[in-house]
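The structure under discussion is supplied below as C-alpha cells; questions concerning it will follow.
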C-alpha cells in the first residue's frame with residue numbers, strides 16, 4: 001500500500017507512472033500497442049486483399065511492393081500478418097476474458113460453498129489439468145471440427161482450473177476474515193458478500209496473472225492453426241502462415257519469418273507488460289519468478 | 001420490555017470426539033435500554049452464545065433446545081432468511097479485532113454506504129448519514145474520512161468506525177464482542193464512554209462481552225457470569241460484584257489485578273482447568289476447581305434466586 005491510496009484516481013496514475021519508468025515496461029507497452037494498432041487498422045494498412053491469390057506473384061521475396069514477400073499462392077504476407085494479428089489478439093483477449101469470468105465464478109463457488117462441492121470441483125479442475133494441452137485440443141477438434149471456437153474452448157479449459165484455484169484459495173482465507181463475519185452479522189446475503197467483499201480482494205492478482213498468460217494463449221492459437229486444428233484456410237492466422245512456409249523453408253525462409261516474428265514480438269510484449277505490471281502493483285515480488 | 005430473552009438454551013457441536021455441549025441451560029434477559037455484560041474466561045462459550053443469537057453457528061453446531069426470543073420472535077426457530085433480515089437493522093455486532101473488521105480494499109465511505117443498501121435514500125443522503133455517524137463516534141474531519149481506506153486509520157479509530165457502522169441502522173440490540181480487548185488502556189476508557197453515550201442517545205440495548213471485570217463494572221447495568229458453557233451467576237452488576245454468590249464469581253473477582261490491595265509476587269489464580277465439554281463431569285460444572293466443594297455438588301445445582309433478579313447456580317447460594 002502506498003500513501004496516495006486515499007485517492008483511487010491518483011493511485012492509479014501513480015501506478016501508470018511507475019510502469020512507464022521501467023524500461024522493460026515501456027518496451028512491452030510499445031510492442032503491445034504496435035500489435036494492437038496493426039490488428040485494429042489492418043484494413044487500412046494492408047494494400048492487398050489478404051486472401052487474394054495471384055499465382056504470378058508466388059514466392060516473391062520482401063520488396064517495397066510486398067514488405068514481407070508473398071507465399072506459395074502469391075498472397076501478400078504483410079496483409080496476411082496484419083489480419084492474422086486480428087485473429088490472434090481477439091482470440092487471446094476474448095478467451096482470456098472468458099476464462100477469467102468462468103474462473104472467478106467457479107473459484108468463488110468452490111471457496112465459499114459447501115465442502116462437498118469444493119471437493120467435487122477440485123476433482124474436476126485436476127482432471128482437466130491432467131490432460132496435455134495438445135491432446136485436449138486434438139480431442140476437442142475430433143469432436144467439433146477445427147474452428148476458432150475450438151481454439152477458444154481449449155484455451156478456456158486450459159486456463160480456468162488455474163484461475164479458479166487461485167480464487168478458491170483466497171476466498172477460503174477471506175471467508176474466515178473478520179470483515180466477512182462483520183458483513184454477515186450485518187445481514188449481508190451470500191451473493192452480496194461475494195460481490196462486495198470477496199471479489200475486490202481477489203481479482204487484482206488474477207488480472208496480472210491473466211495478462212502474463214496472454215502470450216501462452218497466442219501460442220496455443222498459433223500452434224493449433226499450425227497443426228490445422230484452428231482457423232480454416234484461407235483465413236489468415238500466424239500459425240497457418242508458419243505452416244504455409246514450413247514446406248518451402250529452404251528456398252523461401254521469409255514466409256516462416258513472416259509467421260514467426262509477430263508471434264515472438266507479441267509474446268515478448270505481453271510478457272514484459274505482465275511482469276512489469278506485477279512488479280508495479282506488488283513491489284514485494286520484484287526480482288522473483 | 002425485554003429486548004432479548006434467552007431461556008434454557010442448549011447448543012451442541014458434533015465433533016469427531018463426540019458431541020460437545022458448548023452451552024448448557026443458558027438463561028438471561030437483556031431489558032430495553034440496558035447494558036448487559038457477559039464475563040467469563042476464554043472458552044466459556046461467549047462467542048458460541050453470540051453466534052447462536054446471530055444465527056451464525058458453525059455448520060457442525062446446532063441449537064438442541066431452548067429459545068432465544070428477540071423482540072417477540074424466537075431466533076432459535078427462525079429460518080436463515082428471516083434472521084438475516086434482522087441482522088443489521090435490528091441486531092448488529094461489533095467485533096474484537098478492529099484491524100480485520102473493515103474490508104481493506106474498499107473506502108470507508110463505500111462500506112458505510114453498503115450497510116445502508118436496504119434503504120432507498122439517495123447516495124448523497126446516505127453519505128450524509130455516514131458523516132453524521134462518524135461525527136458521533138468523534139472521527140475528526142468526517143467528510144474526508146469517507147474517502148479514506150481502513151489502513152489510514154489507527155486501531156482506535158477503526159474500532160470507532162466499526163461502532164459507527166454497527167449503530168448506523170439504529171438497532172434494537174448491539175452485540176459488542178470484546179470490542180476493547182485489542183485496544184490499549186486509554187483507548188479502552190474512551191471507547192467505553194463513547195459506547196455508553198451512544199447507547200443512551202440511540203436508546204438501544206447492548207450485550208457487552210468481555211473478560212475485563214473493570215470494564216464490565218464501569219459500563220454494565222447487569223452482568224452474566226459464564227463458566228464452561230453455563231451461566232453460573234447473573235444479576236445486577238452491583239449485586240453480583242457486591243455479593244458474589246457463586247464461588248467461581250468470587251474467585252474471579254479475587255483474581256482481578258485491579259482489586260489487589262497489597263503487593264504480591266504472584267497474582268492469584270484459580271487452580272485447575274476448564275473441563276472437557278465432550279465428557280462433561282456429573283454435577284456442578286465448577287466442582288473440580290471449587291475450594292468450597294461439598295458432597296452434594298455431585299448433583300447439578302439448581303438456580304437459586306438470592307434476591308429478585310440475582311440468580312446463582314450453586315447449593316451455597318441462599319435466598320435472602
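Quick note: the coordinates plus some simple rules give every number you see, no bench work behind them. Note that the coordinates shown come from a computational prediction; the quantities given were computed from them, not determined experimentally. Don't worry about glycine lacking a Cβ; one is built from the backbone with ideal geometry, like all the others, and counts go over all protein chains shown.
If packing is taken as the average count of other Cβ atoms within 10 Å, what order do B:161-169, B:101-109 fall into, highest mean first?
Working: B:161-169: 24.2, B:101-109: 21.3.
Listed from highest to lowest mean packing, they are B:161-169, B:101-109.
Hey, another quick one. If you wrap a convex hull around the C-alpha atoms of the protein assembly as shown and split its volume per residue, what is the figure in Å³?
Numbers: hull volume 125.3 nm³, N = 609.
Convex hull volume per residue, Cα atoms: 206 Å³.
If you stretched the chain out fully between residue A:227 and residue A:130, how much longer would it get, using 0.36 nm times the residue separation minus the C-alpha to C-alpha distance? Walk me through the numbers before you get to the answer.
Details: separation 97, 0.36 × 97 = 34.92 nm, distance 2.16 nm.
Extra length available between residue A:227 and residue A:130 comes to 32.8 nm.
Report the paramagnetic label zone for residue B:202: residues of segment A:174-211 whose backbone N is under 13 Å from a point 7 Å from Cα along the Cα-to-Cβ axis.
Flagged as within label range: A:186.
Simple spin-label model, 7 Å along Cα-to-Cβ: residue B:124 to residue A:97 in nm?
Distance between the two pseudo-spin positions: 3.5 nm.
Between residue B:218 and residue A:47, with labels modelled 7 Å along Cα→Cβ, what's the label distance in nm to one decimal, could you check?
The two pseudo-label positions are separated by 8.6 nm.
Next question, about the same structure. Most exposed first by the Cβ proxy, i.e. fewest other Cβ within 10 Å, how do B:305, B:59 rank?
Working: B:305 15, B:59 9.
Result, fewest neighbours first: B:59, B:305.
Per residue of A:123-136, how many C-beta atoms from partner chains lie within 10 Å of its own C-beta, taken as a mean? Walk me through the intermediate numbers first.
Numbers: counts 0, 0, 0, 0, 0, 0, 0, 0, 0, 0, 0, 0, 0, 0.
What the average comes to for A:123-136 is 0.
Give me Rg/Rg_expected for chain A, where Rg uses Cα atoms only and Rg_expected = 2.2 N^0.38 Å with N residues.
Against the compact-globule rule of thumb, the ratio is 1.18.
Within 10 Å of each residue's Cβ, count the other Cβ atoms and sort A:75, A:115 from fewest upward. Don't jump to the answer; show the numbers that get you there.
Working: A:75 23, A:115 8.
With the fewest neighbours first, A:75, A:115 line up as A:115, A:75.
For n ≥ 4 DSSP H runs only, could you compute -39500 (n - 2.57) per run for the protein assembly as shown, divide by its residues and tell me the 222 nm figure to the nearest 500?
That comes out to -15500 deg cm²/dmol.
Report the far tail of the P(r) of segment A:133-289, meaning the percent of Cα-Cα pairs longer than 24 Å.
Values: 6415 of 12246 pairs.
Summing the P(r) of segment A:133-289 above 24 Å gives 52 percent of all pairs.
Percent relative contact order of segment B:224-320, based on C-alpha pairs within less than 8 angstrom and at least six residues apart? All intermediate terms of the calculation are to be shown ahead of the outcome.
Numbers: 133 pairs, mean separation 29.6, N = 97.
Reported as a whole number, the value is 30 percent.
Now for a different question. If you rank A:144, A:27 by fewest surrounding Cβ atoms within 10 Å, what's the result? Don't skip to the end; give the middle numbers.
Working: A:144 11, A:27 15.
Ordered from fewest to most neighbouring Cβ atoms within 10 Å, A:144, A:27 come out as A:144, A:27.
Please list A:178-185, B:196-203 highest first by mean number of surrounding beta-carbon atoms within 10 Å per residue.
So the order, starting with the most tightly packed, is A:178-185, B:196-203.
Kindly identify segment B:15-101 as rounded, prolate or oblate by the Cα gyration tensor criterion: order the square roots of the eigenvalues as a ≥ b ≥ c, call it rounded if a/c is under 1.5, otherwise compare a/b with b/c, prolate if a/b is larger, else oblate. Provide the component values of the computation, followed by the final result.
Details: a/c = 1.33, a/b = 1.17, b/c = 1.14.
Rounded is the answer for segment B:15-101, as its axis ratio a/c remains below 1.5.
Can you give the FRET efficiency to the nearest 0.05 for residue A:250 and residue A:73, using r as the Cβ-Cβ distance and R₀ = 22 Å?
Calculated value: 0.75.
Between the alpha-carbon centers of segment A:83-103 and segment A:40-66, tell me the distance in whole angstrom.
Centre-to-centre (Cα) distance: 26 Å.
In whole percent, what relative contact order does chain A give with Cα contacts below 8 Å and a gap of six or more residues? Spell out each step's value before the answer.
On the way: 410 pairs, mean separation 71.6, N = 289.
That works out to 25 percent.
Return the ratio Rg/(2.2 N^0.38 Å) for chain B, where Rg is computed over Cα atoms only.
Working: Rg = 20.6 Å, N = 320, 2.2 N^0.38 = 19.7 Å.
Relative to the 2.2 N^0.38 Å estimate, chain B comes out at 1.04.
Counting only other chains, and only Cβ atoms inside 10 Å, what mean value do you get across the residues of B:100-111?
Working: counts 7, 7, 3, 12, 5, 9, 5, 4, 0, 0, 2, 5.
Mean number of neighbouring Cβ atoms from other chains: 5.
I've got another one for you. Modelling each spin label as a point 7 Å along the Cα-to-Cβ direction, I'd like the residue A:105/residue B:236 distance in nm, to one decimal.
It works out to 6.1 nm between the two label points.
For chain B, what's the relative contact order in percent, using C-alpha pairs closer than 8 Å and at least 6 residues apart? Walk me through the numbers before you get to the answer.
On the way: 589 pairs, mean separation 66.0, N = 320.
Averaging sequence separation for qualifying contacts and normalising by length gives 21 percent for chain B.
Using only Cα atoms, locate the centre of segment B:222-252 and the centre of segment B:70-108, then give the distance between them in Å, rounded to an integer.
About 28 Å separates the Cα centre of segment B:222-252 from the one of segment B:70-108.
Moving to a separate point now. With viscosity set to 1.567 mPa s and temperature to 4 °C, compute the Stokes-Einstein D of segment B:103-168, Rh being the Kirkwood radius across alpha carbon pairs; µm²/s, no decimals. Intermediate values should be presented prior to the final figure.
Values: Rh = 11.6 Å.
Calculated translational D: 112 µm²/s.
Just subtract the alpha-carbon distance of residue A:33 and residue A:235 from 0.36 nm times their residue separation and send over the number in nm, one decimal. Present the calculation step by step, with values, prior to reporting the outcome.
Details: separation 202, 0.36 × 202 = 72.72 nm, distance 2.34 nm.
Length difference between fully extended and current span is 70.4 nm.
If you wrap a convex hull around the alpha carbons of segment A:97-213, what volume per residue comes out, as a whole number of Å³?
Details: hull volume 12.3 nm³, N = 117.
For segment A:97-213, the hull spanned by Cα atoms encloses 105 Å³ per residue.
Also, quick follow-up: In angstroms, what radius of gyration and Dmax does segment B:53-104 have, counting Cα atoms only?
12.9, 39
Could you state the number of Å between the C-alpha centres of segment B:133-156 and segment B:285-315?
48 Å
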